[in-house]
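Comments concern the structure below.
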Amino acid sequence: MGCGGSSSSDAKGGGSAPTSAGGSSPKDVIEAIKQGDSARVRKILLASPKVVSYKDASGETLLHYASKDPNGAAQCLEALLERPGIDMNAIDGTGWTALHYCASQGNGQGTKILLRSSAKHDIMDKDGQMPLHLAAKLGHSECIEAAADIRIPTNQVDSSGRTPLHLVAAGGHSSCLRPLLSAKPSPDLGAKDAAGRTPLHEAAEGGHIEVVEALLAAGADKKAKDSVGMTPGQLANARGNIKCAVALGAAAREDDIAKLKATNLTDSSNAVAAPAKEDVDGLVPAGSIMFSRVQALMDRTWKDATTRDRGYEAVPRFEVVQVLRNVNREKLQKYREKQTELALHHASLLADVKTAGPEWDKEQEEPRNKEVNEFFLFHGTNPAGAQNICAQDFRLDLSGCNKGSLYGPGIYFAESSSKADEYAGDDEGGLYRGLYAMLLCRVSLGNPVISTEVKPDLEHFTKELESTTHHSILGDREAARGTFREFVIRDTTQAFPAYVIIYRRSYG
């Protein structure tokens, strides 16, 4: 969905509103809207009242058309809103209301008219954004000012936990700060998104010095830490934004990799064995012992085998840079509840999963539940994706959109670090620029369907998983092709992302 929205043509059709005896139709109203002729809009609607309920094949109403068209849009909006039966909160196929379109195009007057007419301001589109988020993201200060004048709440959060102030800060839209910071009620300067970042983090990472200075003047906390323990100043340093780093009182830029390693290595405690503090919820350093254990596990499960998912390129070695432990009690509780359910069913026990071993198992505070075939397995992703999964969940709807979906939809795991790395990516910017990530998850496989076929039977898998006899897929490409085994689940509650591994690839 484009932020600006595309103007719809009369050819879209699909509407079913009747034509009046005088020949007036939705097409006539749309033409009048395009010409900015509000008087004609009123005249047509008066002659053909039912036209007001028109909706085309894309779900767009006359209000949508008026909100997108720059010619006399405000007057036409008012003319439409005068008519009884108009649905000012109707959504089109992308989940946008008329207010979304006004906000996305910087139509401050239209935004004000709709809000004063009691249009809902908190409807999320399919991308999880409300109208005010669109205005903030695109830097449309006039729309934000219109919302602030009517005292629309400015702390509403989108699907990523971001407020409009996060988006203004990330985009460096300093012109939007005055209406936002002067709004009543005041915006929450310390609001944290799903990655634990405040608006000041966003401005610092983006190098937006005007926004950084304005937020500091408003009282933003420069010592606030995100989910990986980074302050805004540290993010500015990592990004090379010297002016922002100086404004935030950060030390001179250090070697980013050394700093990340130090996060683990200076913590001599075994953070995994220690019970989590009641006030901790999120990603925390795993400690030096676990850092060493993860490196050893990645080395032990490395395999010099290449597949199509890697483009048959050479297999790199992996140097662990940082290990973070996921403390998400809500997700862990759901995972444990699923284990209890799986324990009611028979499971053929697996004894040869390569990540299992006494050295690794003894470092875990809670032992693996072998009755439900619980194992630690790798899942390749990127640093930002790893944080989102830990904070929210796996996205089953994204399965197969990166690489490989040989065994159908599901969340794919590997017992080999080399295989998981085929699905891993790096962040283009920020602290983890040029570094890769994989998750090390607790996965309860239950009773797996085992496949050694070169061409798996997906219909058979679906049938077995829909029954109560099998709960996962073990795709044995090691037996079929001499490469790797993959483990697939279709119920996200069967996996808990226990650790985030940040690493670099080494071809030396």
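Using DSSP to call loops (not H, G, I, E or B), can you name the GluC sites (Glu not before Pro) in the range 428-483 whose Cβ has at most 14 other Cβ atoms within 10 angstrom?
Qualifying residues, ordered by number: GLU428, GLU453.
I want the antiparallel fraction of DSSP beta bridges within the range 282-506, as a percent rounded to 5.
Beta bridges within the range 282-506, antiparallel portion: roughly 90 percent.
Would you mind finding the longest exposed-site-free stretch of the chain, with exposed chymotrypsin sites (Phe, Trp or Tyr not before Pro) meaning DSSP loop and at most 10 other Cβ atoms within 10 Å? Between exposed loop sites, the widest span is 1-311.
Name the GluC sites (Glu not before Pro) in the range 305-385 that are in a loop by DSSP and that have at most 14 other C-beta atoms within 10 Å, would you?
Here the GluC sites (Glu not before Pro) that fit, given the DSSP loop and packing criteria, are GLU313, GLU365.
Counting only DSSP beta bridges with both residues in the chain, the antiparallel share comes to about 90 percent.
Anything over 23 Å Cα to Cα? Flag those among LYS331/LYS463; LYS303/LYS334; LYS334/LYS370; LYS120/LYS184; LYS68/LYS126, in the order listed.
Exceeds cut-off: LYS331/LYS463; LYS303/LYS334.
For the range 282-506, the relative contact order works out to 28 percent when only alpha carbon pairs closer than 8 Å and six or more residues apart are counted. Taking amide H as placed 1.01 Å from N in the peptide plane, the amide H of GLU374 sits under 5 Å from that of ASN369, LEU445, each at least 5 places away or on another chain. Note on volume of the Cα convex hull per residue in Å³: of the candidates (1) 178; (2) 200; (3) 189, the value calculated from this structure sits at (1). Looking at the range 472-508, none of the trypsin sites (Lys or Arg not before Pro) sits in a DSSP loop with at most 15 other Cβ atoms within 10 Å of its own Cβ. The relative contact order of the chain comes to 9 percent, based on Cα pairs under 8 Å that sit 6 or more residues apart. Applying 1/(1 + (r/R0)^6) with R0 = 45 Å to the Cβ-Cβ distance of ASP476 and ASP127 gives a FRET efficiency near 0.70.
All of the numbers you see were taken from the coordinates with simple rules; none came from a lab. Not measured: the values here are computed from a predicted model. Using ideal geometry, Cβ is built from the backbone for each residue, glycine included, and neighbour counts are taken over all protein chains shown.
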